[in-house]
Ligand SMILES: [Zn+2]
Ligand SMILES: [Zn+2]
């Protein structure tokens, strides 16, 4: 593969400002690589970054869900990662040190000196730290996973939300065959949680959403949800009690901003059950949160941020098997130069249009 001298990249220069720029592709050393981007997934974090809410460095190239092929690679990197030029890989978002006590305990996604693709400033060396681009730099501490090249890029790139589904809804709460699971929020991560719970053998899967989520709740059923609840027009509490026979084994909250689900989850879970909180709320207090329920019902509450190797591996295995109609949640392919439109479509700011899973597909 011959590398061009420059790459087109969409650069976020300030809150709500993204513009195309050309960046020079650097020479790589023995330990790093250059990825030719095939697709970059878009999620709620992209919107938060775009808005400036995440206080991420600017200017920077956004895009933290990269799928691509290795365009150039150093000898050490090829050996370490077991990949070569032409291989298709999914790239993990976090660049951890892999040496500190947190990394060595297995929680490398919480590494104190970790960096995150797309949150690294443009002025840091070549600036190619995000996947809103034709090419991206692969740091020596990256974690890569090979992906079968026969899968369409927009489906293969679902490895990212699906990895979250496996980690947040199965691994962390230890969801087992026969369990009843309530998933709050039917966005791409909620739908991914449905797919993961189904794969794990959950017996009853219940998904809650808003009136505006009707289409997404339909997709949840395609992926194996047994019941869906519109929390604005139905009595969610009563329905969940009925469907779960007295409370769910596992409740997963993937909603963002809204704090009601955190309060409600205490009522949905069975005594001795587990709640996973995976949606951030903008540092708001939860009104009406009665901690006594945690004591009286011996509820376990766990937080979930990010995805680690096991979640990604499960996701890629499922994608490669091709048994789940993942295209049902993929709604939009956008060009690189349409990055802003892609973000706004996800955020319901484009009238008459809304995405579930979407991605940027660069042109060459
Ligand atoms: Zn994301
Ligand atoms: Zn570390």
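The values are calculated or read from the model by the stated rules, or taken from the named source; none is laboratory data. Since we're looking at a predicted model, the values are computed, not measured. Ideal geometry is used to build each Cβ from the backbone, glycine not excepted, and the neighbour counts take in all protein chains shown.
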Practice task
For region 58-85, name all the residues that are touching a strand residue (DSSP E or B) at 6+ places or on another chain (Cβ under 6 Å), surrounded by fewer than 20 Cβ atoms within 10 Å (Cβ to Cβ) and in a loop (DSSP other than H, G, I, E, B).
Solution key: 58, 59, 85
Completion exercise
Of (1) within 16 Å of ligand 1 (Cβ to nearest atom); (2) more than 14 Å from residue 135 (Cα to Cα), residue 62 fails just (2)
Handout entry: Failed condition for residue 307, given (1) surrounded by fewer than 19 Cβ atoms within 10 Å (Cβ to Cβ); (2) at pLDDT 95 or above; (3) part of a loop (DSSP other than H, G, I, E, B)
Key = (1)
Fill in the blank from the handout: The condition of being within 23 Å of the chain's Cα centre (by Cα) and either more than 16 Å from ligand 1 (Cβ to nearest atom) or part of a strand (DSSP E or B) (or both) holds, among 53, 36, only for 36
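When the residues of region 40-50 are filtered to those that are surrounded by fewer than 23 Cβ atoms within 10 Å (Cβ to Cβ) and closer than 16 Å to residue 338 by Cα, which remaining residue is farthest from ligand 2 (Cβ to nearest atom)?
Let us first name the residues in region 40-50 that are surrounded by fewer than 23 Cβ atoms within 10 Å (Cβ to Cβ), namely 43-45, 47-48.
Cutting the leftovers down to closer than 16 Å to residue 338 by Cα gives us 43, 47.
Details: 43: 24, 47: 28 Å.
Among residues in region 40-50 that are surrounded by fewer than 23 Cβ atoms within 10 Å (Cβ to Cβ) and closer than 16 Å to residue 338 by Cα, the one farthest from ligand 2 (Cβ to nearest atom) is 47.
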Fill in the blank from the handout: Restricting attention to region 88-116, the residues that are more than 22 Å from residue 25 (Cα to Cα) and either part of a helix (DSSP H, G or I) or within 16 Å of ligand 1 (Cβ to nearest atom) (or both) number exactly 8
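For (1) assigned to a strand (DSSP E or B); (2) within 15 Å of residue 318 (Cα to Cα); (3) more than 16 Å from ligand 1 (Cβ to nearest atom); (4) under 17 Å from the mean Cα position of the chain (by Cα), each residue gets a yes or a no:
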{"residue": "118", "(1), (2), (3), (4)": "no, no, no, yes"}
{"residue": "123", "(1), (2), (3), (4)": "no, no, yes, no"}
{"residue": "148", "(1), (2), (3), (4)": "no, yes, yes, no"}
{"residue": "177", "(1), (2), (3), (4)": "no, no, yes, no"}
{"residue": "195", "(1), (2), (3), (4)": "no, yes, yes, yes"}
{"residue": "198", "(1), (2), (3), (4)": "no, yes, yes, no"}
{"residue": "205", "(1), (2), (3), (4)": "yes, no, yes, no"}
Problem - From 248, 265, 220, 225, residue being closer than 22 Å to residue 289 by Cα, crowded, with 19+ Cβ neighbours inside 10 Å and in contact with a helix residue (DSSP H, G or I) (Cβ under 9 Å, 6 or more places away or on another chain) - result: 248
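In this structure, is residue 256 touching a helix residue (DSSP H, G or I) at 6+ places or on another chain (Cβ under 6 Å) and at pLDDT below 95? Talk me through it step by step, then tell me what you get.
On the way: touching a helix residue (DSSP H, G or I) at 6+ places or on another chain (Cβ under 6 Å): yes; at pLDDT below 95: yes.
When the stated conditions are applied, residue 256 passes them.
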Fill in the blank from the handout: Log entry, pairs with first residue in region 94-106 being touching a residue at least 60 places away in the same chain (Cβ under 8 Å), second being within 16 Å of ligand 1 (Cβ to nearest atom), beta carbons closer than 6 Å, six or more apart or on different chains, reads 94/109; 94/114; 94/116
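Out of 336, 341, 296, I need the residue that is surrounded by 15 or more Cβ atoms within 10 Å (Cβ to Cβ) and either in contact with a helix residue (DSSP H, G or I) (Cβ under 9 Å, 6 or more places away or on another chain) or without any contact (Cβ under 8 Å) to a residue 40 or more places away in the chain (or both). Which one? Step through it out loud before you land on a result.
Working: 336 fails: either in contact with a helix residue (DSSP H, G or I) (Cβ under 9 Å, 6 or more places away or on another chain) or without any contact (Cβ under 8 Å) to a residue 40 or more places away in the chain (or both); 296 fails: surrounded by 15 or more Cβ atoms within 10 Å (Cβ to Cβ).
Being surrounded by 15 or more Cβ atoms within 10 Å (Cβ to Cβ) and either in contact with a helix residue (DSSP H, G or I) (Cβ under 9 Å, 6 or more places away or on another chain) or without any contact (Cβ under 8 Å) to a residue 40 or more places away in the chain (or both) holds for just one of 336, 341, 296, which is 341.
Do we have any residue at all in region 77-92 that's assigned by TED's automatic domain parsing to the domain that holds residue 345 and either within 16 Å of ligand 2 (Cβ to nearest atom) or at pLDDT below 95 (or both)? Steps first, please.
Residues of region 77-92 assigned by TED's automatic domain parsing to the domain that holds residue 345: 77-92.
Imposing the further condition that a residue be either within 16 Å of ligand 2 (Cβ to nearest atom) or at pLDDT below 95 (or both) reduces the set to 92.
Yes.
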